[in-house]
Protein chains: 2
Amino acid sequence: VIHLSRLKPIHLQPIGFVERLSSAERDFTAISKVVLKDSLTDALLGIEEFSHIFIIFWLHEMQIREDVSWIHPSSSDNQHRVGFLATRAPRRPNPIGLTLVELVKHENNVLWVKGLDALDGTPVIDIKPYPDWNNGECQVIVDYKIPDWLKQLLDSS
Amino acid sequence: VIHLSRLKPIHLQPIGFVERLSSAERDFTAISKVVLKDSLTDALLGIEEFSHIFIIFWLHEMQIREDVSWIHPSSSDNQHRVGFLATRAPRRPNPIGLTLVELVKHENNVLWVKGLDALDGTPVIDIKPYPDWNNGECQVIVDYKIPDWLKQLLDSS
């Protein structure tokens, strides 16, 4: 209770933005550019030695909302409810996007990446190398469990 | 250029905070609690069906800084420079943390997770299921490339 009352608003600055190269706005398998501020050029030094990176971005067309709750993941089962934080829906308390992309090219303050599901002009707030590591090992979890609704969704697509 | 001039500050609200259960502040293999606001209890419905989740948090003891640039990843080579965005250092333009954790238990607005490298009281800003998925498949990259400096770091630890 003490902690919760201390949760103050957070202010941050975009570090750059997404520039989509494909004319198909929703073709997220295409190459996108991530253009950072000139002042952050040196902060990207050597990033091209990673084949994959996480892009963390701000879904600027969504709003911050406290009233998010749950959805029915299956259109055929209106009893089953799944909370928004257990989905990747853009409607979430803070509209933050997290996507693992292939890093195709790096030149100065610009990255070319493949597989970024962000619209043209999306503000980027952080970039992190993949995978994470600790205790002397890269952390790639291959032994994981997902819900039945997600298995069904994947099977049907 | 047009886009960069439009990059406005972003304001967001913490959705909860980290409560460390271990007395050893830096033992990040221990179990931590992630306590969300009561109003977000429904947003967690069914999350326990995932074995692993991403926690996105705000490194509240760090500052936003535009002057981040590079480090020497190896103490024995003062010629080699790596940009902060190509590392997981907490000193980065926006001090955002991203950690993949094991979800041990879920009860109402509280998650018990294993492997969270966040200090007691750290604000949490988003939670996402692992792994990501698209085109009918879970996305787990096992064929990746990392820099030589990271291989050496992992080998020596």
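Points to keep in mind about this one:
- Residue tally, condition surrounded by 19 or more Cβ atoms within 10 Å (Cβ to Cβ) and either facing another protein chain (nearest Cβ under 8 Å) or acidic (Asp, Glu) (or both), over the range A:4-34: 7
- You will find that of B:Gly115, B:Gly136, the residue that is out of contact with any helix residue (DSSP H, G or I) (no Cβ under 9 Å at 6 or more places or on another chain) and at positive phi is B:Gly115 and no other.
- Any hit, the range B:48-57, residues being modelled with pLDDT under 95 and among the aromatic types (Phe, Trp, Tyr): no
- Leading residue by the ranking (farthest from B:His60 (Cα to Cα)) among those in the range B:88-114 that are in a loop (DSSP other than H, G, I, E, B) and open to solvent by 20 Å² or more (accessible area, probe 1.4 Å): B:Asn108
- Residues in the range B:26-42 that are more than 26 Å from B:Leu153 (Cα to Cα) and either without any contact (Cβ under 8 Å) to a residue 24 or more places away in the chain or in contact with a Cys (Cβ under 6 Å, 6 or more places away or on another chain) (or both): B:Ser39, B:Asp42.
- For the range A:43-76, a residue qualifies if it is of a type in the set (D, E, K, R) and either farther than 25 Å from B:Gln139 by Cβ or buried (at least 19 other Cβ atoms within 10 Å of the Cβ) (or both), and the qualifying residues are A:Arg65, A:Glu66, A:Asp67.
- Inclusion of A:Leu40 among residues that are part of a helix (DSSP H, G or I) and either among the aromatic types (Phe, Trp, Tyr) or at the interface with another protein chain (Cβ under 8 Å from one of its Cβ atoms) (or both) is warranted.
- Filtered residue count, the range B:74-114, keeping only those that are in contact with a Pro (Cβ under 9 Å, 6 or more places away or on another chain) and among the polar types (S, T, N, Q): 2
- If you go through the range A:45-71 and pick out every residue that is touching a helix residue (DSSP H, G or I) at 6+ places or on another chain (Cβ under 7 Å) and among the basic types (Lys, Arg), you end up with 0.
- Any hit, the range A:60-80, residues being touching a strand residue (DSSP E or B) at 6+ places or on another chain (Cβ under 7 Å), touching a residue at least 40 places away in the same chain (Cβ under 8 Å) and more than 9 Å from every other protein chain (Cβ to nearest Cβ): no
The values are calculated or read from the model by the stated rules, or taken from the named source; none is laboratory data. None of these values were measured; they are calculated from a predicted model. Heads up, the Cβs are rebuilt from the backbone with ideal geometry, glycines too, and the neighbour counts pull from every protein chain shown. All accessible areas refer to the heavy atoms of the entire protein, side chains included, with ligands and DNA or RNA removed. Shrake-Rupley method; radii C 1.70, N 1.55, O 1.52, S 1.80 Å.
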